[in-house]
Amino acid sequence: MTDTITIPRTKTKPKTERPKLHKVILINDDFTPREFVVRVLKAEFRMSEDQAHRVMITAHQRGVCVVAVFTKDVAETKATRATDAGKAAGYPLMFTTEPEE
């Protein structure tokens, strides 16, 4: 008989890192009507009337406001679509993104 020695093998599981999040930021301007900003926030970011109004007022008072936080691709897509909605209507509405810290 032969004596066999079994050595347990350890499996290494790769750790997947969570994707970096990005903030979508609404930049205030003095030309886009408040009602239009609320409409865009409701349509693109699925906000209620009250939430959209609060975000719009915060941006109006402070100059900028974080609208939402998403993964990079989603944040950039939503910011671009919201900005394009303003351009299509002839307003200088501006959304931008930046990495969350």
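Computed from the coordinates by the stated procedures, all read-outs in this text should not be read as laboratory data. Note that the coordinates shown come from a computational prediction; the quantities given were computed from them, not determined experimentally. For neighbour counting, all protein chains shown are included, and Cβ atoms are generated from backbone atoms with ideal geometry for every residue, glycine included.
Of the residues that make up the range 4-16, is at least one over 25 Å from residue 99 (Cβ atoms) and buried (at least 16 other Cβ atoms within 10 Å of the Cβ)?
Among the residues of the range 4-16, not one is over 25 Å from residue 99 (Cβ atoms) and buried (at least 16 other Cβ atoms within 10 Å of the Cβ), which makes the answer no.
How many of the residues making up the range 85-95 are surrounded by 14 or more Cβ atoms within 10 Å (Cβ to Cβ) and not small (Gly, Ala, Ser)?
Filtering the range 85-95 for residues surrounded by 14 or more Cβ atoms within 10 Å (Cβ to Cβ) gives 85-86, 91, 93-95.
Pick out the ones that are also not small (Gly, Ala, Ser) and you get 91, 93-95.
Residues meeting the conditions: 4.
When you go through 54, 18 one by one, which is the residue that is part of a loop (DSSP other than H, G, I, E, B), free of Cβ contacts under 8 Å to residues at least 24 places away in the same chain and within 19 Å of the chain's Cα centre (by Cα)?
On inspection, the qualifying residue turns out to be 18.
Of all residues being hydrophobic (A, V, I, L, M, F, W, C) and outside any helix (DSSP H, G or I) in the range 26-51, which is nearest to residue 92 (Cα to Cα)? Just the residue, please.
Per the stated criteria, the residue is 31.
Conditions (1) in contact with a strand residue (DSSP E or B) (Cβ under 8 Å, 6 or more places away or on another chain); (2) aliphatic (A, V, I, L, M), marked per residue:
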residue: 4; (1), (2): no, no
residue: 12; (1), (2): no, no
residue: 36; (1), (2): no, no
residue: 39; (1), (2): no, no
residue: 45; (1), (2): yes, no
residue: 68; (1), (2): yes, yes
residue: 76; (1), (2): yes, no
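When residues of the range 66-101 are filtered for being under 21 Å from residue 33 (Cβ atoms) and assigned to a loop (DSSP other than H, G, I, E, B), how many remain?
The number of residues fulfilling the criteria is 5.
Take the residues in the range 57-84 that are among the charged types (D, E, K, R) and in contact (Cβ under 8 Å) with a residue 24 or more places away in the chain, then tell me which one is surrounded by the most Cβ atoms within 10 Å (Cβ to Cβ).
78
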